[in-house]
Each structure stands twice: as C-alpha cells, then as structure tokens.
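All remarks here apply to the structure that follows.
Values in this text are rule-based calculations from the coordinates and carry no lab data. Here the structure is a predicted model, which means the values were calculated and not measured. Cβ sites come from the backbone with ideal geometry, for glycine too, and all protein chains shown count toward neighbours.
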C-alpha cells in the first residue's frame, strides 16, 4: 500500500506541475492586448487668421501725400497661446517706399531688417490667447509725396506669423523670438 500511496502522490505532484506549466503556457499564448494602457496627450495647435481692410474691395488709388484707410488685425484660431508678428513688404518708386505707416501703441517694431512688428501688451511682448484678436495695428497709412507722376503697379504685402509661447521665457525679447523662429526657418 505504501508504494501505491507513493505512486499516487508522485502522480498527483506531476499532474499539478503539468497543470501549472500548461496553465502558464496558455496564459502566455492567450494574453490579450486589452491589458495594455495607452494615453495620448493633445499637443495643441498654433493658428492665426489675418484680417486686412482697406475700406474697399477695389485697388487703392495712390494719391501723393494722402492718408488711406488700413486696418490690420490678427486672431488666434489655434488652441495655444502665441506671439504674433506682422511683416509688411512695401514696394518703392525710385528707392522711396510708396507708403508709410504709424503703428498703434499695441504694436512695436522688431529690431530686425525690414518692417516687422510684434503685438505687445502693457509695454512688453504679449501672447494672445486662443480666440483673442489683437488691437488694430495701424493708426494711419500715408502715401509719400512724389514729385512726378510715375507708372506703378504693385502691391503692399501683409504677412502674419504666430509663434507658440512654449519654450520662451517671459523675458525673451521680440527680436530673440523672431530670430530663433521665423528667421531661422525662413519665411
């Protein structure tokens, strides 16, 4: 009887080991992907809308030494706060730009080549929040006083840029932001 008990206990032990091995093997082979956890973080978007209004849908008649209506505003359409820049490309006649502008107190010329302005708040670089619209950029636009009538065909280009605020310290200057982003990657 002792031998039978020993054979039964060895058989029971082996059966238990085989069951554990097969159970673990089946568990490995039938592992489901449902156990994996995934989380996607929304990075956000930077987007702007540029609104330029000259008071007419027609081309502007150039009258020397006359002011002309010009309204430039930028709206943040993205989900991230951003710094806003506006670059003006003004054609010239005989080396003299055809138009001069007087920016409002909410826009400051960036210390860079060309006519680049940054939107500012309370006297310093200010980000606009999602859905926010800047104050108007131009207080007055005036044509230069040309002495002689010249044949001219061209256009004033208004280009708006948005740079996300992430990655810049609050002490960053407008020219630093402009040069490390827009100038670095090209227009």
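Quick rundown of the values:
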quantity: Rough spin-label spacing in nm, given labels placed 7 Å along Cα→Cβ, for residue 153 and residue 113; calculated: 2.9
quantity: Sites residue 180 and residue 135, calculated FRET efficiency, Cβ-Cβ separation with R0 25 Å, nearest 0.05; calculated: 0.50
quantity: R0 of 30 Å, Cβ-Cβ distance residue 58-residue 96: FRET efficiency to nearest 0.05; calculated: 0.80
quantity: Neighbour-count ranking [beta-carbon atoms within 10 angstrom, fewest first] of 171, 140; calculated: 171, 140
quantity: Cβ-based exposure ranking for 67, 180, in which fewest neighbours within 10 Å come first; calculated: 67, 180
